[in-house]
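Right, one structure below, let's go through it.
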2 protein chains.
Amino acid sequence: MTISITPIPGVPSIQPGNDLAALLLSSLDAAGLTLGAGDIVVVCQKVVSKAEGRIVDLNSVTPSTFARTLAAQTTGKDPRIVEVVLRETRRIVRMDRGHLITETGPGWICANAGVDESNSLAPHAVVLLPLDPDASAQRLRAAFERRARGGVAVLITDTFGRPWREGLVDFAIGVAGMNGILDLRGQHDLNGRELHHTVMAQADALAAAAGLVMRKGDGIPAALVRGYDFTPAEGSGRHLIRAAEFDLFR
Amino acid sequence: MTISITPIPGVPSIQPGNDLAALLLSSLDAAGLTLGAGDIVVVCQKVVSKAEGRIVDLNSVTPSTFARTLAAQTTGKDPRIVEVVLRETRRIVRMDRGHLITETGPGWICANAGVDESNSLAPHAVVLLPLDPDASAQRLRAAFERRARGGVAVLITDTFGRPWREGLVDFAIGVAGMNGILDLRGQHDLNGRELHHTVMAQADALAAAAGLVMRKGDGIPAALVRGYDFTPAEGSGRHLIRAAEFDLFR
């Protein structure tokens with residue numbers, strides 16, 4: 001079955017307090033896209049964070065001594081941004097060669113705790129990751145399912161770098177309506193051999209796919225994925241985070 | 001513009017020496033899919049490796065002492081498989097908790113040097129990664145472009161785990177006809193701010209997307225991606241490998 005990935009155009013610039021679900025539904029309507037059961041709506045983290053007011057005015061931030069030290073030694077960034085990054089961080093994973101890779105409170109490992117300087121509301125503002133992207137995804141899902149009259153999945157995505165690989169790819173940080181992981185263990189391959197290592201990160205693959213139509217700078221903050229066969233489930237982006245005790249790279 | 005991802009069904013079981021391009025073209029024909037300029041054909045590594053004879057009969061392998069030690073201490077695998085993994089390895093990145101993460105000769109970092117036990121031709125056979133997946137991709141591209149009468153891109157993909165994240169996702173190891181990386185630096189966001197960190201791994205995102213229709217065990221070894229706007233280029237999967245001196249996680 002063919003999977004289609006359609007950008008959702010015409011989403012206005014999001015302001016704190018906006019009803020993001022309503023704005024996305026309006027944009028879907030305007031684009032002639034009618035939500036139905038089995039659809040997956042992928043929404044970039046930035047518009048979710050903006051709608052939820054996860055914005056910090058740098059003029060309100062006094063950097064700590066450590067933030068000033070890191071800014072000078074590592075990233076070359078505004079020390080106030082480094083201070084905001086540290087406030088979102090529970091562990092520094094690497095701080096070398098100009099990069100600050102941190103583990104956030106909820107557990108994502110990414111550059112600068114996901115604090116975003118681009119595309120924000122004002123020159124002195126930075127955008128944080130949503131506090132609870134699963135809850136954000138569930139809220140959107142509830143609104144979308146009322147419209148679709150059936151099961152819809154929602155993914156909240158962010159753009160991360162990867163060890164060993166050049167370039168960025170989108171990942172799922174919030175998941176609702178489907179499992180983030182597709183566990184095929186116990187099934188068999190064409191030779192009848194059991195599939196041992198086939199726990200697929202389907203939400204990350206869908207996030208990466210949706211990222212193909214949500215290029216930075218294009219102003220496309222959401223995409224509609226159709227034709228992907230999934231089993232409806234509550235879901236959580238946290239299932240995609242490897243527990244520290246099983247992780248070889250922290 | 002909507003991107004579509006269509007599985008290419010009906011590809012027969014591949015044997016060493018098969019003309020993979022011809023078999024894929026036959027399957028496309030049988031499915032009523034006519035290749036055209038701008039199409040991207042994504043092919044899983046396993047069928048490329050099989051066609052190229054990258055298969056090792058374990059009965060021909062005598063494990064070294066180190067392979068026996070690793071097998072006993074780390075992976076619990078057949079020592080002959082560990083021997084094959086070591087022959088494909090230039091550096092062991094991690095060897096803990098039952099996992100053997102290695103850097104292959106060409107530079108991919110993945111579990112067991114990409115040596116694959118499932119879906120192989122015989123119970124005693126394992127499949128290696130292609131020797132030069134870019135060259136494999138270029139050969140397929142040449143055959144596909146003759147048919148398409150225009151530019152076609154080809155990606156050879158494999159399924160890898162990721163640090164910090166649960167589950168597997170498909171990555172591009174061979175690339176022909178497009179750049180693996182999409183460099184947006186110098187462009188500006190909607191607020192006129194320059195995009196600093198937007199070097200997208202478009203070939204990996206396309207690989208992940210195609211993986212959604214190439215689930216393990218389904219016998220779908222290839223997919224056709226349409227509607228993705230790319231600039232034709234020679235391309236190389238090696239551009240997606242971060243050089244060791246810039247990598248914080250080796």
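Every number here is computed from the coordinates shown, using simple stated rules; none is lab data. These numbers come from a predicted model, not from an experiment. Ideal geometry is used to build each Cβ from the backbone, glycine not excepted, and the neighbour counts take in all protein chains shown.
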Q: Identify all aspartates and glutamates with a Cα-Cα distance to A:Lys50 below 17 Å; exclude those on the same chain that are fewer than 8 residues away in sequence.
A: A:Asp19, A:Glu88, A:Asp116, A:Glu117, A:Asp132, A:Asp134, A:Asp158, B:Asp189
Q) For the stretch A:129-250, what does the equivalent ellipsoid look like in terms of its semi-axes, each the square root of 5 times an eigenvalue of the Cα gyration tensor, given largest first in whole Å? A) 24, 20, 15
**Q.** Average beta-carbon neighbours from other chains, 10 Å sphere, peptide B:90-100
**A.** 1
**Q.** Kirkwood-Stokes translational diffusion coefficient of the stretch B:1-131, alpha-carbon pairs, 37 °C, 0.692 mPa s, µm²/s
**A.** 198 µm²/s
Q: Determine the dipole magnitude for chain A: charges of +1 sit on the beta-carbon of Lys and Arg, -1 on that of Asp and Glu, nothing else is charged, the reference point is the Cα centre, and the result goes in debye to the nearest 20.
A: 280 debye
Q: With springs only between Cα atoms under 10 Å apart, run a GNM on chain A and tell me which of A:Ala201, A:Ala30, A:Ala223 wobbles the most.
A: A:Ala30
Q. Tilt of helix B:202-211 relative to the longest C-alpha principal axis of chain B, in degrees (0 to 90, nearest 10)?
A. 70 degrees
Q: Using the Cα centre as the reference, give the magnitude of the dipole from point charges on the C-beta atoms of the stretch A:55-127 (Lys, Arg: +1; Asp, Glu: -1; all else neutral), rounded to the nearest 20 debye.
A: 240 debye
Q) Tell me, what is the FRET efficiency for B:Ala142 and B:Arg87 to the nearest 0.05, using R0 = 22 angstrom and their Cβ-Cβ distance as r? A) 0.15
Q) With a sphere of radius 15 Å drawn around the Cβ of B:Asn18, what net charge do the other residues whose Cβ falls strictly inside it have (Lys, Arg +1; Asp, Glu -1)? A) +2
Q. How big is the shadow of the Cα convex hull of the protein assembly as shown, averaged over all directions, in nm²?
A. 22.7 nm²
Q) Taking every DSSP beta bridge that has both residues in chain A, what percent is antiparallel when rounded to the nearest 5? A) 85 percent
Q. Between copies, how far does the label point of B:Asp19 sit from its twins, in nm, shortest first, when each point is 7 Å from Cα along Cα→Cβ?
A. 6.2
(Q) If you take each beta carbon of peptide A:167-174 and count the beta carbons of other chains within 10 angstrom, what is the mean? (A) 6
Q) If contacts are Cα pairs under 8 angstrom and at least 6 residues apart, what is the relative contact order of the stretch A:55-127 in percent? A) 29 percent
Q) Between A:Leu248 and A:Ser26, what FRET efficiency follows from the Cβ-Cβ distance if R0 is 41 Å, with the result rounded to 0.05? A) 0.35
Q) Sorted from shortest, what are the nm distances separating the label point of A:Ile92 from equivalent points in the other copies, each placed 7 Å from Cα along Cα to C-beta? A) 3.1
Q: Would you please state which residues of the stretch A:226-250 a label at A:Thr34 would reach in this model, taking the label point 7 Å out along Cα→Cβ and a backbone N cut-off of under 17 Å?
A: A:226-227
Q. What is the sum of charges around A:Thr2, taking Lys and Arg as +1, Asp and Glu as -1, for the other residues whose C-beta is under 11 Å from the C-beta of A:Thr2?
A. +2
Q. In square nanometres, what is one fourth of the surface area of the convex hull spanned by the alpha carbons of chain B?
A. 14.8 nm²
**Q.** Degrees, to the nearest 10: A:20-30 long Cα axis against longest axis of chain A
**A.** 50 degrees
Q) Given Cα pairs under 8 Å that are at least 6 residues apart, what percent is the relative contact order of chain B? A) 26 percent
Q: Provide the percentage of antiparallel DSSP beta bridges, counting only those with both residues in the protein assembly as shown; round to the nearest 5.
A: 85 percent
Q. With Cβ to Cβ distances under 12 Å as the rule, what net charge do the other residues near A:Val115 carry (K, R +1; D, E -1)?
A. -1
Q. Other chains near A:108-115: what is the mean number of their Cβ atoms within 10 Å of each residue's Cβ?
A. 1
**Q.** Across the identical copies, how the A:Asp183 labels are spaced - nm, sorted shortest first, 7 Å along Cα→Cβ
**A.** 4.4
Q | the stretch A:55-127: radius of gyration and largest Cα-Cα distance (Dmax), Å | A | 11.3, 30
(Q) With angles folded into 0 to 90 degrees, how steeply does helix A:133-148 sit against the dominant principal axis of chain A? Use alpha carbons for both and round to 10. (A) 40 degrees
Q: With +1 on each Lys and Arg Cβ and -1 on each Asp and Glu Cβ, and nothing else charged, work out how big the dipole of the protein assembly as shown is about its Cα centre, in Debye to the nearest 20.
A: 420 debye
